[in-house]
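Enquirer: I'd like to ask some things about the structure below.
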């Protein structure tokens, strides 16, 4: 997924972390969607921190730092 590139191009639409998170979560499927559901159910503060969420997701799924999300 290259949601980061899309959000960069339309940066006015994605000016807040909450908007970025909403868009990102709607693009998830499979294991990634299953992984995020508990965070949604408990209204985790991580869902308000786009960079923190990406860092956690990269760590969980083993993505390289330079991979676009």
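The values are calculated or read from the model by the stated rules, or taken from the named source; none is laboratory data. Predicted, not measured: the structure shown is a model, and the values here were computed from it. Cβ placement follows ideal geometry from the backbone for every residue including glycine, while neighbour counts extend to all protein chains displayed.
Enquirer: Test residue 19 against the criterion of being surrounded by 13 or more Cβ atoms within 10 Å (Cβ to Cβ), modelled with pLDDT of 90 or more and not in a loop (DSSP other than H, G, I, E, B), and give yes or no. Steps first, answer last, please.
Expert: On the way: surrounded by 13 or more Cβ atoms within 10 Å (Cβ to Cβ): yes; modelled with pLDDT of 90 or more: no; not in a loop (DSSP other than H, G, I, E, B): yes.
No.
Enquirer: Of everything in region 44-54, what is surrounded by 14 or more Cβ atoms within 10 Å (Cβ to Cβ), assigned to a helix (DSSP H, G or I) and modelled with pLDDT of 90 or more? Give them in sequence order.
Expert: 46, 47, 53 - these are the residues of region 44-54 that are surrounded by 14 or more Cβ atoms within 10 Å (Cβ to Cβ), assigned to a helix (DSSP H, G or I) and modelled with pLDDT of 90 or more.
Enquirer: Could you check region 55-65 and list, in sequence order, the residues that are surrounded by 13 or more Cβ atoms within 10 Å (Cβ to Cβ) and either in contact with a helix residue (DSSP H, G or I) (Cβ under 8 Å, 6 or more places away or on another chain) or at positive phi (or both)? Let's see the steps before the verdict.
Expert: Taking region 55-65 first, the residues surrounded by 13 or more Cβ atoms within 10 Å (Cβ to Cβ) are 55-58, 63.
Correct list: 56, 57, 63.
Enquirer: Next question, about the same structure. Identify, please: which residue in region 22-43 is at pLDDT below 95 and not in a helix (DSSP H, G or I) and is, among those, farthest from residue 61 (Cα to Cα)?
Expert: Among those residues, the one meeting the criterion is 43.
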